[in-house]
Amino acid sequence: MKVHVNGIGFSYGKTPVLRNVSFDALPGQVTTIVGPNGAGKTTLLNCIADLFRHEGTVEFNGEVMEKRGIPKFMSYMEQNTDCEADLNVFEVVLLGMVQSLSFYVSPEDVAKVNDVLRLLGISQYADRKIGELSGGQRQLVFIAQALVKDPKVLIMDEPTSALDLYHQFNLIKFISKITKERGCTTIMTLHHLDVALKYSDRVVVIANNTVWGEGTPGEMFTESMLADVYRMKANIILDEKGDKHLQVLEPIDETNSDTTDQCKAPHGEEGKDVIRSMNDHHRPQIEWGIANLPESSPKRILDIGCGGGVFIRYMLDKYPESVGDAIDISETSVKYCREFNSGLIDDKRLQVTLGNVSHMPYGDGTFDMVVSNASYFFWDDLGNDLKEVARVMTNSGILCLTARRSIDKDNIETMRSENEHGMNILLDSELMDMVERAGFDTACFVEPSENYLAIIGRKR
Amino acid sequence: MGLTEKKEIVENAAGNTGFDYNRYSAKKYMIMTLGLVACIVFFFLDVVFSSTYINPMQIISTIIDPDSVSNAMKVVVFDIKIPQGLMALICGASFGLAGAIMQTMLNNPLASPYTLGISAGAGFGAAFAMVTGLGGLAVLGSALVPFSAFFFSLLACGGIFLVARIKGFSADIMVLAGIGLVFFFQALQALMQYLASPEALQGIVFWTFGSLQGSDWTNVPIVCVMFLLIFIIIYRKSWVLTAMKLGDNKAAALGIDTNKIRKWMFVGISLLTATCVAFVGCIGFIGIVGPHVARMILGEDQRFLLPMSCICGAAILTVADVASKVIGNGIVFPIGILTALVGVPFFFYLLLTRKKKVTS
């Protein structure tokens, strides 16, 4: 049963908890909702299950439920597994079918309960009181309760919160299997991102009370998502099979926010401020830099490390015949750039892509002009990255690297010794050499009073 | 060696077939049947034993062959003792049922039929009738006090209903509103006692102890019909009530409109309790302990718990009635005092000998 969530909004009093949340969940797929504490995940599930009165609609196979409350085709499992009732496990699971139970429990219903207990490996607890079980065991019981009526739509709020690592993986794997076998539509929230990455078919990221992004786990689980949404430094590692794995490093220090990190990959609310200010104060050096470029219109321009998108806008203004691409490693920048240049995007003159300069998603010889402002400082492997730039360029294509220099022969040693972040601290001549080695003929322009630098290269 | 192996295999096979729910249920049905038989026995004892010096054998022969005894004896047995015994059974069952529902719907093991102010309302109503005579309503005669008690207990429930209608039928709101009303009506009752003449005061105090002695063939059928009606209506919802024991959120997640259920359960047991209290007064303890005993024996599945609460309530009240006649040596002890004196030791016995904790 297809679930179409359309413009859900919810407020506690005047405090908005959800704004305009829309996504689809499809049969046979596990749709996982992830996001930090307080993002509104549980509220969203409550709205989908119609336990809360909300704005927007939820359609099941195109129909909006008229009657309030949980419909018969849906199972909802809440996060809390506390239960003191004097009922045994069998009875608790049996209650999963409370909407259809007759007074006398039929042999079919008894068999259904026994089957699901066996599936979850908790048959041995059948006659134990629910209150006597551990939190993890109770969680399995309530999962059994949710599954016993064979729902078409299965909604689970943190089904693994009380489980150990083994059971977390095993259980979600099991739910994923059941979802595919029975073709049910499973929507759940998960805090354990490794599990979500491994077993989800779709991921909806909720942050700041709305949908931050939606896509496959591969699309959603990025370093910038973790920085932006979870305030965590993390590495996404690709194994030899091409599967993504998550390596979570440490929280981003909020109190002593790292300016270099923010400049490299702006994230969160603070990141937006950084982007906004970069868009403003980069204007003079960009204006000066592009004056050094040829007048003839290139066909396709790329801006690497586009930030808030001011450079590519200047470029497409200067060359009205051209189309452009912009790429940045920061999700926040990409979003900002798209909003900032929405007119150009609507006119199909600009595409903004999330990506890393070290392996750009463009074919060989795609661009006849590549620009980049104040970005090469942060490139991880500058020499090879410049070669990657050369790869995506046509022969005789123009490369324009601009920056505001603060480096000269007198201070370079001090700067290098204080360079904790592995930034590329280079003299003009060193940078020119690297560009040359990557396959360009170069020229260097300097604006002495403001210390602007432009290195113009032509691909050999 | 071979035998042991075979036994293990058989045991494993039994384990694989899962939990034998039918056997588990059959055991509960059996226990309920035993309880029912016990109630009939207690009823019989209740009829046979008297506070006065009537020989039990004489009563038995009256029942077996009514024509062989005097008219006075017939009246004693058929118009006094049997109605009183039936009243003990039905009111005990009603209090047991009302207590079980109240504990379930408020999700509170301490709840009783009186938690939400029914007894306070009835107490004031009775006192008010005794003190003022209710002017123009004096034509009601002996029905005056029950009528007033019934009216005011329903008035108290109406107050809670109104508050809950505005704020929602959540357990918290209902308990808070109930506590407020209990204090309000207790204050009014105290005022009545303050204003009462010594005779009326004695009547009020005696009424609050509760008594089965007003039972006759007018009020027993009323209580009986009310009990059957409410029991049937409530019993149809036993699965839903069982689910509510998991907590409101879990019940809602199972598709149950908990506030709606609570509303109608409240209306049902208010009517039932008010009817009983009007005729027998505020007999305490049964409504709180009856369901607990039933729960300890049969667990929380309300298909079993509700009838068993009725059985336990009926049994406790009937036994207490027997005791009130036997130990009084010519005087009938107030039944409300006896229910606690008889029930509490038994309750403690269960509490102490039962391995598992008593849970809400």
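We did not get these values from a lab; they are worked out from the coordinates using the rules stated. In this text, all values refer to a predicted model and were calculated from it rather than measured experimentally. Note that each Cβ is placed from the backbone with ideal geometry, even for glycine, and that neighbours are counted across all protein chains shown.
Summing Lys and Arg as +1 and Asp and Glu as -1 over all other residues whose Cβ lies under 14 Å from the Cβ of A:Ala162 gives a net charge of -4.
Overall form of segment B:39-353: oblate. Here a/c, set by the Cα gyration tensor axes a ≥ b ≥ c, is 1.5 or more, and a/b is not larger than b/c. Kindly identify chain A as rounded, prolate or oblate by the Cα gyration tensor criterion: order the square roots of the eigenvalues as a ≥ b ≥ c, call it rounded if a/c is under 1.5, otherwise compare a/b with b/c, prolate if a/b is larger, else oblate. Cα axes put chain A in the prolate bin. The alpha carbon gyration tensor of the protein assembly as shown gives principal lengths a ≥ b ≥ c with a/c of 1.5 or higher and a/b greater than b/c, which makes the shape prolate. With the helix formula -39500 (n - 2.57) applied to DSSP H stretches of n ≥ 4, chain B reaches a computed 222 nm mean residue ellipticity of -24500 deg cm²/dmol. Give me the aspartates and glutamates in straight-line cross-link reach of A:Lys387: C-alpha distance below 16 Å, same-chain residues under 8 apart excluded. Reachable aspartates and glutamates: A:Asp303, A:Asp364, A:Asp368, A:Glu430, A:Asp433, A:Glu436, A:Asp441. Mean partner shielding of peptide A:64-75, defined as the number of other chain Cβ atoms within 10 Å of each residue Cβ, is 2. With the helix formula -39500 (n - 2.57) applied to DSSP H stretches of n ≥ 4, chain A reaches a computed 222 nm mean residue ellipticity of -9500 deg cm²/dmol. Take every DSSP beta bridge whose two residues both sit in the protein assembly as shown; close to 55 percent of them are antiparallel.
Available extension along the chain between B:Ile60 and B:Ile31 is 7.6 nm, counting 0.36 nm per residue and deducting the alpha carbon span. A cut-off under 12 angstrom between Cβ atoms defines the neighbours of A:His245, and their net charge, with Lys, Arg +1 and Asp, Glu -1, is -1.
Taking a sphere under 15 Å around the Cβ of B:Asn108 and counting the other residues whose Cβ falls inside, with K and R at +1 and D and E at -1, yields a net charge of -2. For segment A:287-310, backbone nitrogen atoms closer than 18 Å to the point 7 Å from A:Glu450 Cα along Cα-to-C-beta are found at A:287-294, A:308-310. Partner shielding of A:96-102 amounts to 4, given as the average count of beta-carbon atoms from other chains within 10 Å of each residue beta-carbon. Across the cross-link table entries A:Lys2/B:Lys28; A:Lys14/A:Lys177; A:Lys233/B:Lys250; A:Lys41/A:Lys264; A:Lys112/A:Lys241, which are compared at the Cα atoms, the separations over 32 Å belong to A:Lys2/B:Lys28; A:Lys14/A:Lys177; A:Lys233/B:Lys250; A:Lys112/A:Lys241.
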